[in-house]
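Each value in this text was obtained by applying a stated rule to the coordinates, not by laboratory testing. Since the structure is predicted, the reported quantities are computational estimates derived from the model, not experimental observations. For neighbour counting, all protein chains shown are included, and Cβ atoms are generated from backbone atoms with ideal geometry for every residue, glycine included.
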Amino acid sequence: MNELFTVIIYAYNNLQYLKECVDSVLEQDYSNIELLITDDSSKDFNINLINKYINDNKRINISKVTINRNEKNLGIIKNLNKAISISSGKYMMNLACDDKLHDNTVITSVVNCFNKTNALAITGFLEWCNIDMTKSGEYYPDRCTMDYVNNPPLNLFKLLCNGNFLVGPGFSYQRELINKYGYYDEDYTLLEDYPRYLSLSRQGCNIHFIDKVLVCHRYGGISSSPGNNEEEIKLRAIFGKEIAYAKEKEINPYRNIL
């Protein structure tokens, strides 16, 4: 049997997109999946309805379903770490509730890549989509990124010091990565990808870039939303501060190796 693959869907007050996200996992052709939903104290989270929907629609390849709801809001990083701590898979993928897997071969492709490359972490392309998930045909990052990433980790670190060009959606990793490098840094609240990529590459971890679109990414997240309501403004301010802090913590002390 193929090794268990955990898809971590993390949610907070965006549950109107949860069904679409869950469906993209239920449709996967990989044979051994744990679907793990971790909700960060959303107002309208109904665990019974969610469980019923999954049980009514899952196939035999969904080997395990785990649903966590935090009693109080922890923030993305602590929510992810909690999910990792209760997960069971050898492999894991982070998937925001308002995104979805691009097609039904994503997990199989990622596992095959792990087996072929022996990498501990994998990232790939995303496709930009509008609010109703209409695909745009526009992808990120550009294809030359593959050549940047699939090189010695220190070279990647030096490139990342100029700014992040890798995506967080669909980031996949082996449990061995957590055992070797630890959980996400809880000095951050919202910013999970850039500090992690800087830290991993600086420490010599190989982050492999797969030539595949992994995620349909709904335009309108913290880093891309033009929204100007009070909560969005507050979140973007935190996001900006954490990017600055990532540079202070993950780059400035290591200028001697640049």
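What residues of region 2-35 lie in the reach of a label at Asp103, counting those whose backbone N is under 16 Å from a point 7 Å from the Cα along Cα→Cβ? 24-25, 27-30, by backbone N distance to the label point.
Please give the FRET efficiency for Asn229 paired with Glu3, using the beta carbon to beta carbon distance and R0 = 51 Å, rounded to the nearest 0.05.
Details: r = 43 Å, r/R0 = 0.84.
Calculated value: 0.75.
Ignoring aspartates and glutamates fewer than eight residues from Lys234 along the same chain, the ones with Cα atoms less than 16 angstrom from its Cα are Glu242.
Among Lys158/Lys247; Lys116/Lys212; Lys19/Lys90; Lys72/Lys241; Lys19/Lys100, which pairs are too far apart, with a Cα-Cα distance over 20 Å? All intermediate terms of the calculation are to be shown ahead of the outcome.
Working: Lys158/Lys247 12 Å; Lys116/Lys212 15 Å; Lys19/Lys90 25 Å; Lys72/Lys241 23 Å; Lys19/Lys100 10 Å.
Cα-Cα > 20 Å for Lys19/Lys90; Lys72/Lys241; rest within.
The gain in end-to-end length when the Arg69 to Ile238 segment is fully stretched comes to 58.5 nm, 0.36 nm per residue minus the alpha carbon separation. Database remark: amide H of Arg69 closer than 5 angstrom to the amide H of Asp39 (H placed geometrically; neighbours at sequence offset of 5 or more, or on other chains; Pro and chain starts carry no H).
One decimal place: the segment Lys212-Ser136 gains 25.8 nm when fully extended, by the rule 0.36 nm per residue minus the C-alpha distance.
Here region 56-95 yields Rg over Rh of 1.01, to two decimals, using C-alpha coordinates and the Kirkwood radius. Relative contact order for the chain: 22 percent, from Cα pairs under 8 Å spaced at least 6 residues apart, divided by residue count.
Once Rg and the Kirkwood radius are both taken over the C-alpha atoms of region 118-258, their ratio Rg/Rh works out to 0.97.
Matching the structure-derived Rg and Dmax of the Cα atoms in Å against the labelled list (1) 21.6, 70; (2) 18.3, 64; (3) 17.5, 56 gives the label (3).
Here the Karplus relation 6.51 cos²θ - 1.76 cosθ + 1.60, evaluated at θ = phi - 60°, turns the backbone of region 250-258 into coupling constants of 9, 10, 4, x, 10, 4, 5, 9, 7 Hz, with x for every Gly and Pro.
Put simply, when 198-206, 93-101, 145-153 are sorted by average Cβ atoms within 10 angstrom per residue, most first, you get 93-101, 198-206, 145-153.
If the only charges are +1 at each Lys and Arg Cβ and -1 at each Asp and Glu Cβ, what is the size of the charge dipole of the chain around the Cα centre, to the nearest 20 debye? The partial results should precede the final answer.
Numbers: 28 positive and 32 negative charges, 124 e Å.
Once rounded to the nearest 20, the dipole reads 600 debye.
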